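Structure, as structure tokens:
The values are calculated or read from the model by the stated rules, or taken from the named source; none is laboratory data. Quick caveat: nothing in here was measured; it's all calculated off a predicted structure. Reconstructed Cβ throughout: ideal geometry from the backbone, glycine too, with neighbour counts over all protein chains shown.
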Amino acid sequence: MAGVREPAAAVAPDGAGAEPRRRLEPASLAQHRPRLMRAAYAMCRSREDAEDLVQETFERVLRRPRFVQRDHDVAYLLRVLRHTHARAAARRRPAPAAPEDLEWVADLHADPARALEARLAYAAMAELSEPLRATIVAVDVVGLSYKEAARSLRTRIGTVMSRLYRAREQVAAAMEAA
Amino acid sequence: MSALSRRDEQLLVGLADGTLTGRRRRRAEERARSIPGAERLIARQQRVARALRAGLDEAPAPATVSVRPAPEPRARLRRAAAGALAAVLAACVAVAALVAPGADPPSPERVAVLSMLPATEPRPPQTGTALEAEVDGVRFPNWEPDFGWRTTGMRRDRLGDRDTATVYYEHRGHRLAYTIVAGPALGLPDGARIVERDGLRIALYRDPRHGGHDVAVFERDGHTCVVAGHVLEVETIVELSAWRGGGQVRS
């Protein structure tokens, strides 16, 4: 999609004055897959599409060496995932979520009420604007800190917190109306 | 759209997530007292965070926040003691409600919510007109040969003081859940329309949530059964509920 560029900042090795960077090891990608799958499901609302999205994300990352700062692997991978999804989103609309697909982002065995809450929240999240959805996915679905989310989304911590507030408010309203 | 300032939005998020500590937290709580409905707003934030973080092991539990209006200085100590006691009592009540074995039986309406949840176990095997799945000897029907509704999976839950088992069926894009509740029958829901089919009394109502589910509640061998889901015509649910399966399903 025009205007959607690959994240560039983490591609180049150390620059003068920048935080030291290390190479993102291809072998380490597998350990981040569960959290990326959660994020991908939140964006796609379909297990098959989420698997495709994560696979495509890994393929993009593996095309050439990537360099990340300290332990920012997930934040960086989430950014690539978001860009990859933005390309795909122009091609298709999210399908209605199948209830069974939620099983691998939430523990549905524990409590029916909790499972229903998760289902409602994921459904409501799909209706958010892209900036709000990206923020709530980064913090609540993937589990990044505000700082990590800000880095991943290339914005300020205050903006992350404001967007997170508004995203949750809209999701809460939709859950109450359901 | 939120009517709050960005600063207040950030403050409420920080309080909801428990990311503020020490003096910053105290200042934030002080400020939040001037925001109308702050406690409710924070609770809404925490509800969404809890729902989305389910299954994320390392996610911290949302913090408990109190931003009620500050008491007058003279009354502060007395109220603090009363507040602490109330908090302890509230916590005890909440925990007791979660674990108490003597909890109340669920209402049929609550049982019907299970139709909106995913299966957590594979589909049970079939034997003729019934499935190899039962609750207290009451077996689930196999609707596939006669009606084309094939099973997709099942789940088991505990609602109130009752165990439940739910089998999910699909047919041409429609989904139905059949739940059998263990123990004595729960009774029929108030205000439901009652129809009789082949000697079976079936209470019918429509749950408007989530696009509208039709729900049928009836008894088999003294056990409450709930069939709920999306169908084109409610008659489908009536027919399926009343089906005897050659005597294998309903005696």
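The residue that is farthest from A:P112 (Cα to Cα), among those in region B:119-141 that are in a loop (DSSP other than H, G, I, E, B) and in contact with a helix residue (DSSP H, G or I) (Cβ under 7 Å, 6 or more places away or on another chain), is B:T129. B:M154 satisfies every condition listed in (1) within 14 Å of chain A (Cβ to nearest Cβ); (2) over 16 Å from B:H223 (Cα atoms); (3) outside any strand (DSSP E or B) except (3). For region A:133-178, filtered to residues that are in a loop (DSSP other than H, G, I, E, B) and buried (at least 20 other Cβ atoms within 10 Å of the Cβ), the residue that is nearest to the other protein chains (Cβ to nearest Cβ) is A:G143.
Among the residues making up region A:118-132, those that are part of a helix (DSSP H, G or I) and either within 16 Å of A:Y41 (Cβ to Cβ) or at pLDDT 90 or above (or both) are A:A118, A:R119, A:L120, A:A121, A:Y122, A:A123, A:A124, A:M125, A:P131, A:L132. Selection of region B:35-45 for residues being part of a helix (DSSP H, G or I) and either over 18 Å from the mean Cα position of the chain (by Cα) or crowded, with 22+ Cβ neighbours inside 10 Å (or both) yields B:A38, B:E39, B:R40, B:L41, B:I42, B:A43, B:Q45.
For region A:74-116, taking the residues that are acidic (D, E) and out of contact with any helix residue (DSSP H, G or I) (no Cβ under 6 Å at 6 or more places or on another chain), the one that is modelled with the highest pLDDT is identified as A:D111.
If only one of B:G153, B:G160, B:G173 is over 19 Å from A:P112 (Cα atoms) and in the same structural domain as B:P118 (by TED's automatic domain parsing), which one is it? Before the answer, list the steps.
Working: B:G153 fails: over 19 Å from A:P112 (Cα atoms); B:G160 fails: over 19 Å from A:P112 (Cα atoms).
Criteria check complete, one pass: B:G173.
Residues of region B:133-154 include at least one that is touching a Ser or Thr at 6+ places or on another chain (Cβ under 8 Å), of a type in the set (V, I, T) and crowded, with 17+ Cβ neighbours inside 10 Å. Taking strands (runs of 3 or more DSSP E) as the structural unit, those lying wholly within region B:180-251 and holding at least 1 residues that are over 22 Å from B:A133 (Cα atoms) and modelled with pLDDT under 95 correspond to B:193-197, B:200-207, B:213-220.
For region B:5-33, the set of residues classified as over 31 Å from the mean Cα position of the chain (by Cα), over 15 Å from A:R163 (Cβ atoms) and surrounded by 12 or more Cβ atoms within 10 Å (Cβ to Cβ) consists of B:L20, B:R24, B:R25, B:R27, B:A28, B:E29, B:R31, B:A32, B:R33, listed by residue number. Would you confirm, using the coordinates I've provided, whether A:R168 is of a type in the set (D, E, K, R) and at pLDDT 90 or above? Yes: the conditions hold for A:R168.
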